[in-house]
Amino acid sequence: MAETEPGLPQRSTAAGFGRVLVVVYAIFAVAATARSVLQIATRFDEAPLAYALSAVAAVVYVVATVALARGDRTSRRVAVVAISVELVGVLTVGALSLLDSTAFPAASVWSGFGSGYGFVPLVLPFVGLWWLWRTRPGER
Amino acid sequence: MTGPYATAVIVVSLLLCLGALVLLVADQSPSTGAWILLGVLELMIVVFAVGGVVQLVGADHDVPAWEFVGYLAGLVAIVPAAAWWVREERSRAAAAVLVVVLLVVPFLVLRVQQVWAGTRG
């Protein structure tokens, strides 16, 4: 931590490893949002539950991305909440999609624990929470 | 859409990804030369995207237009967006960001091809 750029807090969630984490979150935010808009606009009737959940996932990723990128005290709290929702979401949707595949006929980011995305959606919330813990204020 | 040009984009991206990986391991941030190479890749991507839109207009089969254009737009945007995001990063994290992004570019090219061929799962 010898060098920090001016304007960025010392333990920002967006510096160092956080740079990479935010990029991964941003990619999922853009991908999930675009996919969700398309699904809802063109074929919502086919699988309302799955597509609604897709939209929820998209919002969660967007919020987490922005919060991690900003990294001030309020953002940090927002990030913890968003990433916790993400964790619960991927675990719940992942389990449900395995137990009852008819409820999730269409692919969403979180179905099969994110198997369609190399399980990154499953790993990401753990990494996110770990990073928030690592960069928590008041620890030196 | 599936011709040698798309393959060239994928190969160049993967080669640059390898370069970024070397930087990451060597604990260095990308040099000016690296940014010029990324500019070349971005030019190739823009040509790919323009070619894609032209082919879409003259397509002889049904292509989900929004999805297709959406992936192309994402492809065009991702490298400049990443460059902007690491513009002040002086650590190896900048190289790490490039590794991720340069892996996503080939993935997006493949997705564009899948959407074009209608073989998306």
Discussion item. Using 0.36 nm times the number of residues separating A:W133 and A:L49, minus their current alpha carbon distance, what extension gain do you get?
Written reply: 26.9 nm
Worksheet item: For the pair A:I40 and B:V57, how long in nm is the line joining their label points, each one 7 Å along Cα→Cβ?
Response: 3.2
Item to complete: First measure r as the distance between the Cβ atoms of A:R77 and B:A8, then evaluate 1/(1 + (r/R0)^6) with R0 = 45 Å and state the FRET efficiency to the nearest 0.05.
Response: 0.45
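Per the 1.4 Å probe, what fraction of the accessible area of the protein assembly as shown, in percent, lies on carbon and sulfur atoms?
Carbon and sulfur atoms account for 70 percent of the accessible area of the protein assembly as shown.
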Fill in: Label-point gap, in nm, between B:R87 and B:F107 - each point 7 angstrom along Cα→Cβ
2.6
Discussion item. Taking the Cα centroid of region A:17-37 and of region B:1-80, what is the distance between the two, rounded to the nearest whole Å?
Written reply: 18
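I need the calculated FRET efficiency for the pair B:W66 and A:V88, taking r as the beta carbon distance and R₀ as 25 Å, to the nearest 0.05. Please report the intermediate quantities before stating the final value.
Details: r = 31 Å, r/R0 = 1.24.
Efficiency computed from Cβ-Cβ geometry: 0.20.
The values are calculated or read from the model by the stated rules, or taken from the named source; none is laboratory data. On a predicted model such as this, the values are computed, not experimentally measured, just so you know. Note that we place each Cβ from the backbone using ideal geometry, even for glycine, and neighbour counts take in every protein chain shown. Quick note on the areas: whole protein, heavy atoms, side chains included, nothing else; ligands and nucleic acids left out. Shrake-Rupley method; radii C 1.70, N 1.55, O 1.52, S 1.80 Å.
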